[in-house]
1. Consider Thr178 carefully, then state whether it is surrounded by 14 or more Cβ atoms within 10 Å (Cβ to Cβ) and within 22 Å of the chain's Cα centre (by Cα).
2. Could you please find all residues in the stretch 32-49 being surrounded by 13 or more Cβ atoms within 10 Å (Cβ to Cβ) and not β-branched (Val, Ile, Thr)?
3. For the stretch 97-110, give me the residue count where each residue is polar (S, T, N, Q) and either closer than 16 Å to Gln68 by Cβ or surrounded by 14 or more Cβ atoms within 10 Å (Cβ to Cβ) (or both).
4. Just checking, how many residues over the stretch 38-89 are under 22 Å from the mean Cα position of the chain (by Cα) and either of a type in the set (S, T, N, Q) or closer than 30 Å to Ile136 by Cβ (or both)?
5. State all residues of the stretch 125-176 that are part of a helix (DSSP H, G or I) and of a type in the set (Val, Ile, Thr); if no residue qualifies, say none.
6. Can you confirm whether Arg64 is out of contact with any strand residue (DSSP E or B) (no Cβ under 6 Å at 6 or more places or on another chain) and modelled with pLDDT of 90 or more?
7. So for the stretch 80-99 (the condition being under 30 Å from Glu167 (Cβ atoms), without any contact (Cβ under 8 Å) to a residue 24 or more places away in the chain and either among the small types (Gly, Ala, Ser) or assigned to a helix (DSSP H, G or I) (or both)), does at least one residue qualify?
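The values are calculated or read from the model by the stated rules, or taken from the named source; none is laboratory data. Here the structure is a predicted model, which is why all the values come from computation and not from measurement. Quick reminder, even Gly has a Cβ in these numbers, built from the backbone with ideal geometry, and neighbours come from all protein chains shown.
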Amino acid sequence: MRQISTPYLMALAMLFTFVGGVGARAEDFPKAVVAVLDYAKILRTSDAARDAGRQIKQYRNSFRDAMQADEIRLRRAETDLKRQRSTLDQVEFKKRRQEFKEQVIAAQKRAQDHKRKLDRAMQRAMEKIQGAMIPIVKALTEAKGFTLVIDKSQVLFADKALDVTDEVMGQLNQKLRTITVPKPK
């Protein structure tokens, strides 16, 4: 059996004394009254979230149409460039090939820009929904005496009785049925 040195034992005793003296005891904390909220479900299935999703889909479709037009134009330009390869001198062909590459890069940048704008518009819509939901959760917390509301994604197990998602969703759907998502620019 290994012997523990006296200085080590003294340091350990001092640590326990310090931690025990400074740390809070269980009886110092208020009793926790917990509720669980499925935030992702609300952002996915509330009336306002569905409305925002519908609008974003429309914007996405119009952007997709523009991207398809770009793609058709670029395919034609590529076909023309391939046809002209045998009739153009090497310097002119390289110049036109470089111009084509720049057009492709510009189209890719436009597509990325459209995606970024759509993502930003959806994020703003979700922030509006969250802004409407927080006062509902706060009022429910005060009315029912919750001391802690936890997102369901952070909970391993909870009794269904603790879940307030449907109640919050119902109030949110009454307060915010639709949402205006400005056209991404």
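1. no
2. Hits for the stretch 32-49 are Ala35, Leu37, Asp38, Tyr39, Lys41, Leu43, Ser46, Asp47, Ala48, Ala49.
3. Quick first cut of the stretch 97-110, residues polar (S, T, N, Q) only: 98, 103, 108.
Those left that are additionally either closer than 16 Å to Gln68 by Cβ or surrounded by 14 or more Cβ atoms within 10 Å (Cβ to Cβ) (or both): 103, 108.
Count: 2.
4. Here the count works out to 24.
5. Step one: filter the stretch 125-176 for residues part of a helix (DSSP H, G or I), giving 125-144, 152-154, 160-162, 165-175.
Within the stretch 125-176, Ile129, Ile134, Ile136, Val137, Thr141, Thr165, Val168 qualify.
6. Details: out of contact with any strand residue (DSSP E or B) (no Cβ under 6 Å at 6 or more places or on another chain): yes; modelled with pLDDT of 90 or more: yes.
Considered against the rule, which asks whether it is out of contact with any strand residue (DSSP E or B) (no Cβ under 6 Å at 6 or more places or on another chain) and modelled with pLDDT of 90 or more, Arg64 comes out as yes.
7. no
Each row is one residue, and each column tells you yes or no for (1) surrounded by 16 or more Cβ atoms within 10 Å (Cβ to Cβ); (2) hydrophobic (A, V, I, L, M, F, W, C); (3) within 30 Å of Val168 (Cα to Cα).
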{"site": "Asp51", "(1), (2), (3)": "yes, no, yes"}
{"site": "Gln58", "(1), (2), (3)": "no, no, yes"}
{"site": "Arg64", "(1), (2), (3)": "no, no, no"}
{"site": "Asp70", "(1), (2), (3)": "yes, no, no"}
{"site": "Lys95", "(1), (2), (3)": "no, no, no"}
{"site": "Gln112", "(1), (2), (3)": "no, no, no"}
{"site": "Lys115", "(1), (2), (3)": "no, no, no"}
{"site": "Leu118", "(1), (2), (3)": "yes, yes, yes"}
